[in-house]
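Report on one structure; see the data block that follows.
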Amino acid sequence: MNKKLIAIDLDGTTLNNNSEISQETINVIQKVISKGNMVNIVTGRPPRLVEHLYNQLGFNNPMITFNGSLGYNPTSVWSEAYQYNIDKNIVFESLNKSKEIGINLMTVEGKDLFLANKSADESVGFFPTNLSKDEIISKDTLTENPICLTLHVDKQKKETFINYVKQNYGDILEVSPWGGKDPIIEVAAKGVSKVTGIEKLVNYYGIKQNDVIAFGDEFNDESMIKYAGLGVAMKNGQPKIKEIADDVTKFDNNHNGLAEYLKEYFKI
């Protein structure tokens, strides 16, 4: 069997619903690596919400974050490291129109950057509830181009905001509404996906596309599920993702679905 590159999503895939990695999953992944294969995190999460999980897994290899917009190695210099940024002036231009286009909350993030326009009410997940002055977006604090914007918008103005971005920055930015009850929207560089990062890994490792195995559960995993030689959807995955996948795990993310699949595939 050729050596494989296994691209693993985190939420809903490697992690259970409590955002934890089971010891069984850690053990199996390490066994897969010991056979000469590569296992890399490919996630929508920002680095600040990944590195503790990366360390738990005992990794020392590159990882892909922000849905493909940032690729780097937390432990060393990676020759293929990259990032796709958003012009910081777009942040200021958008915030100046907050009321008109329905922006309630905005966070701007980069590899080592995290700022927000204001503190969030505790009922709004993901956004910070307490901010110091140097964590609030301003001309003084936002001095570099961020990688990703995440916004909570007025429900009634969700389409207004989406149309504003498309009309003004549609040639350079991608707008991705999240699922769920809250009107949360992610904005990143246009044309970037998880495959952007996987292609970097494929070139770096010198393997064939057909030797990529990708595991995912959500809509942001669609590109890598389609790209991989073997695209595997989680049992708990979105119906559309299971439909386009080559295979589906027997168990969900709360029952070591990823680990059980790897054990069977690699005969561990």
Open item on the list: For segment 103-213, what does the convex hull of the Cα positions come to per residue, in cubic angstrom?
Closed with: 149
Open item on the list: What's the magnitude of the charge dipole for the chain around its Cα centre, counting Lys and Arg as +1 and Asp and Glu as -1 at the beta-carbon? Answer in Debye, nearest 20.
Closed with: 400
Task: Rel. contact order, % - alpha carbon contacts under 8 angstrom, at least six apart, the chain - done: 21
Task: Cα extents of the chain along the three principal axes, largest first (Å) - done: 57, 38, 34
Open item on the list: Can you compute the radius of gyration and Dmax for segment 1-114, using only the Cα atoms, both in Å?
Closed with: 17.2, 58
- [ ] Just the number, please: percent antiparallel of the DSSP beta bridges in segment 62-220, rounded to the nearest 5.
- [x] 95
Open item on the list: Using Stokes-Einstein with the Kirkwood hydrodynamic radius over Cα pairs, what translational diffusion coefficient do you get for segment 153-268 at 10 °C and a viscosity of 1.306 mPa s, in µm²/s rounded to a whole number?
Closed with: 99
TODO: Among the lysines, select those whose C-alpha is under 20 Å from the C-alpha of K97, and discard any that sit fewer than 8 residues away in the same chain.
DONE: K88, K118, K139, K155, K157, K158, K166
Open item on the list: Using a 1.4 angstrom probe on the protein heavy atoms only, could you order V124, V91 from most to least accessible area?
Closed with: V124, V91
Open item on the list: What's the ranking of 197-204, 109-116 by average number of surrounding C-beta atoms within 10 Å, highest first?
Closed with: 197-204, 109-116
Task: segment 35-172 - Kirkwood radius from inverse mean 1/r over Cα pairs (Å) - done: 16.5
Task: Assigned charges on the beta-carbon of Lys, Arg, Asp, Glu; segment 56-193 dipole about Cα centre (debye) - done: 300
TODO: Take every Cα pair under 8 Å in segment 59-160 that's 6+ residues apart, average their separations, divide by the length, and report that relative contact order as a whole percent.
DONE: 28
Task: Residue (of V232, I64, N89) at the positive-pole extreme of the chain, dipole from beta-carbon charges - done: V232
Task: Considering only the chain, percent of DSSP beta bridges that pair antiparallel, nearest 5 - done: 60
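The values are calculated or read from the model by the stated rules, or taken from the named source; none is laboratory data. Model, not experiment: these values are computed from the prediction. Reconstructed Cβ throughout: ideal geometry from the backbone, glycine too, with neighbour counts over all protein chains shown. Quick note on the areas: whole protein, heavy atoms, side chains included, nothing else; ligands and nucleic acids left out. Shrake-Rupley method; radii C 1.70, N 1.55, O 1.52, S 1.80 Å.
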